[in-house]
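Participant: The following block contains the structure, expressed as structure tokens.
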Amino acid sequence: MLSQYMEEFEQEPFEVGEFIERLTWRTNNELQNSEDFNPVALHDTFIQTIKDLKILQEKQQSKCERLEESLRQEEESHAKKIAKLQERHQTAIDWFGQLDEKINSVAGKIMHLGEQLENVNTPRSRSVEAQKLLSYMSEFLMAGPVIVNDIFSDPVRLNEAADVIQKLYAISQDLPPGSFAESKRKIEKKYDEVERRLIEEFATAQKSEDIERMKSLAQILSQFKGYTQCVDAYIEQSQMQPYSGKDIFIGIVPMCKHHYEIIKKVFANPQQVMSKFILNIYQLKLHQYAMTKLDDKKDEEKYLRTLYELYSRTLKLSSDLQVYMSTIDDDLLQKLTQQIFMKNLAGYAEIELRCLTAKCSTELEKFYASKKHQKTQTTKGFRRNMEVLIATRANINIAAIEDYGGETFLSEELAINMLQEAKASLKRCRLLSSEAELPGNAIKLNDILLRFLMHEHVDYALELGLQAVPLAEGKVFPQLYFFDVVQKTNIIVHLLDKLCNSSVIPCVSNTPKYSDYVFKKRILMEQIETKLDQGLDRSISAVIGWVKVYLQYEQKKTDYKPETDVDTIASAACLQVVQNLQPVIVQIKKCVDGENLQNVLTEFGTRLHRVIYDHLQTMQFNTAGAMCAICDVNEYRKCIRELDSPLVTQLFDILHALCNLLLVKPQNLQEVCTGDTLNYLDKSVVRQFIQLRTDFRIIKNTNYLKGIIE
């Protein structure tokens, strides 16, 4: 049992309650033959288990004591070993200190001995070197041709030959020119020969990419007067390879990155060499490439695109290569770029203006040709005014209105094409114009755009649209195309504003040209708005004039004064008017936007109200006719709800209330007149409507109108 108890105690986690439950369960299972609960047996089991647990505790306690004693003995043993190791470590430290002192003493003696040897050897080495130089010098001082020494003829000893000839050349510079002229000439000749051989050897090493040999030769050549030739040879050979085919810009940056790593390893002054490397690219390669591309100016549009592309890519190249330039040459690449494109930038603005003018003019010509329209002088304003005057006074139409079959002569596609051309020109202008010339050039380009797009296209279309608006008070319902002109004009103006905000204003802001730009644009917009307002006014007048004439001729007196009882429905004239007005309202809401829409709808509604009000003033109403008039007004009210104008809605609500005065019984007139709708109206207005009743003569002398007609 003890082993079983140990297994249970070692389980994680151990629960005392569960242990007791298992013990109880096992006891009950052993007593299966007993039907009743046996507490005595359970008690005995608990007593025996307690005894077993005490025995187990004693065994475990004894085992723990043995383990603790063993641990204590091992601890004492390890402590003794550590103490011995510490003693040995301290001894080693002492020996190391003594050894270090001896090494320092020996090193000091060796250094002293080395200095003494050097003091003895240096004069000797110098004497040997001087002797060699004198022997070489004697060969150059002898008359006749120079006897070629092995050092100058052996390619393997080129470095040694370079050192000798460089020193001989320095010495020869101090010799008097008279008697030593021939010797100096021989030395200079040999000096040039060795220098040339060094440069050739450097070029050979460069071809094989032998960096160490190149570095050694560059270091030797740095003492020669032809060191710059070495740099030039490296640059020339490095740039002999093609620059990624036809597009020179693609290969320049990778090439510079590759050679910069080599230059840093080979040359002692890498920044100066790299600056000269890049300078050679700009002055020779890039300049020649740009001149070849920009040589043909016959196609000015292509020329401008090429100039913009080359200049912008050169600027980006300069930005990418700036990391390889020294701080002293901070603005060198910018100056080189200006030198490359100096001639092209000088005449850029003139070509750009000429090209944009030609493009816009061509676009206009293509558009009017596609419409088979020949532009004419739009100076018919006076004639139009005379036609209106004669038609109004004599009630005749002396000339047919030319509406061009509904053609507006406005094209969003044409406007977008012109704006795209102008945007491209302004983009080039911002890059290619100098800071001083940019505002002026931008204004000139904007003037060209305004001339062709707004004056010669939009303004011309507005003039034609104004002439095409039918005269007011015609008997035939007018065909209105000016609302389409308004819609397209608004779209074009919005597109123009977008372009100006993104491309023109950034060029002229914070400059004196900005006020010039704002003034020109304001004058232009005022002219456009004036003509739009004039056209909208004429269009509304044409519709409202037709309503007036139609009701005047088609509205029968018997509609509002029937002799017999009729169905209380709206009159045919009213229904026809409403039917014709609804498409007009839809067209206005489609073509006009912003605050102008609400103003136009309100103006349309107020004029319509005025015409209907005046029309009703010409009629007499009996009870059945008053019902018809109320039905008519209700139809008008349904129609004008689409205007979404509180003012117009209020006017027709008042008109409806006034029509109720034609229907109510005489004894109720006072009550209706003092209602919320009519109470604030002028009494004369109310009185005029009451006078339209057929029974007015009967009731005017009664008390029903007391306070109304007085």
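The values are calculated or read from the model by the stated rules, or taken from the named source; none is laboratory data. The structure presented is a predicted model; accordingly, all values stated were derived computationally and were not measured. FYI the Cβ positions are ideal-geometry reconstructions off the backbone, even for glycines, and counts take in every protein chain you see. Keep in mind that these areas ignore ligands, DNA and RNA; they rest on the heavy atoms of the full protein, side chains included. Shrake-Rupley method; radii C 1.70, N 1.55, O 1.52, S 1.80 Å.
Participant: Check whether at least one residue in the stretch 417-430 is in a loop (DSSP other than H, G, I, E, B) and either at pLDDT 90 or above or over 23 Å from residue 523 (Cα atoms) (or both), and report yes or no.
Facilitator: No, the stretch 417-430 contains no residue that is in a loop (DSSP other than H, G, I, E, B) and either at pLDDT 90 or above or over 23 Å from residue 523 (Cα atoms) (or both).
Participant: Please go through (1) crowded, with 19+ Cβ neighbours inside 10 Å; (2) within 48 Å of the chain's Cα centre (by Cα) for residue 616 and return the number of the only condition it doesn't satisfy.
Facilitator: (2)
Participant: Sticking with this structure for a sec: Step by step: first the residues of the stretch 493-511, then only those that are of a type in the set (A, V, I, L, M) and closer than 14 Å to residue 430 by Cβ, then the one that is surrounded by the fewest Cβ atoms within 10 Å (Cβ to Cβ). Which residue is that?
Facilitator: If we take residues in the stretch 493-511 being of a type in the set (A, V, I, L, M) and closer than 14 Å to residue 430 by Cβ, then 505 is surrounded by the fewest Cβ atoms within 10 Å (Cβ to Cβ).
Participant: Regarding the stretch 248-259, can at least one residue be identified that is surrounded by 17 or more Cβ atoms within 10 Å (Cβ to Cβ), touching a His at 6+ places or on another chain (Cβ under 8 Å), at pLDDT below 85 and not aromatic (Phe, Trp, Tyr)?
Facilitator: no
Participant: Restricting attention to the stretch 499-541, report how many residues are polar (S, T, N, Q) and within 27 Å of residue 468 (Cβ to Cβ).
Facilitator: Qualifying residue count for the region: 5.
Participant: Would you mind telling me which numbered condition in (1) open to solvent by 20 Å² or more (accessible area, probe 1.4 Å); (2) closer than 20 Å to residue 429 by Cα; (3) over 29 Å from the mean Cα position of the chain (by Cα) residue 312 fails?
Facilitator: Residue 312 satisfies all of (1) open to solvent by 20 Å² or more (accessible area, probe 1.4 Å); (2) closer than 20 Å to residue 429 by Cα; (3) over 29 Å from the mean Cα position of the chain (by Cα) except (3).
Participant: Something else now. Could you tell me which residue of the stretch 269-310 is nearest to residue 356 (Cα to Cα), considering only residues that are touching a residue at least 60 places away in the same chain (Cβ under 8 Å) and among the aliphatic types (A, V, I, L, M)?
Facilitator: Residue satisfying both the conditions and the ranking: 304.
Participant: State whether the residues of the stretch 29-39 include one that is part of a loop (DSSP other than H, G, I, E, B), modelled with pLDDT under 70 and open to solvent by less than 80 Å² (accessible area, probe 1.4 Å).
Facilitator: yes
Participant: So, one more: Of the residues that make up the stretch 358-368, is at least one closer than 26 Å to residue 478 by Cα, open to solvent by 40 Å² or more (accessible area, probe 1.4 Å) and either at pLDDT 60 or above or more than 42 Å from the chain's Cα centre (by Cα) (or both)?
Facilitator: For the stretch 358-368, residues closer than 26 Å to residue 478 by Cα, open to solvent by 40 Å² or more (accessible area, probe 1.4 Å) and either at pLDDT 60 or above or more than 42 Å from the chain's Cα centre (by Cα) (or both): absent.
Participant: Quick one: in the stretch 640-675, of everything that is polar (S, T, N, Q) and not in a helix (DSSP H, G or I), which residue is least open to solvent (accessible area, probe 1.4 Å)?
Facilitator: It comes out as 645.
Participant: Only one residue in 514, 481 is closer than 17 Å to residue 405 by Cβ, of a type outside the set (S, T, N, Q), in contact (Cβ under 8 Å) with a residue 24 or more places away in the chain and open to solvent by 60 Å² or more (accessible area, probe 1.4 Å). Which one?
Facilitator: 481
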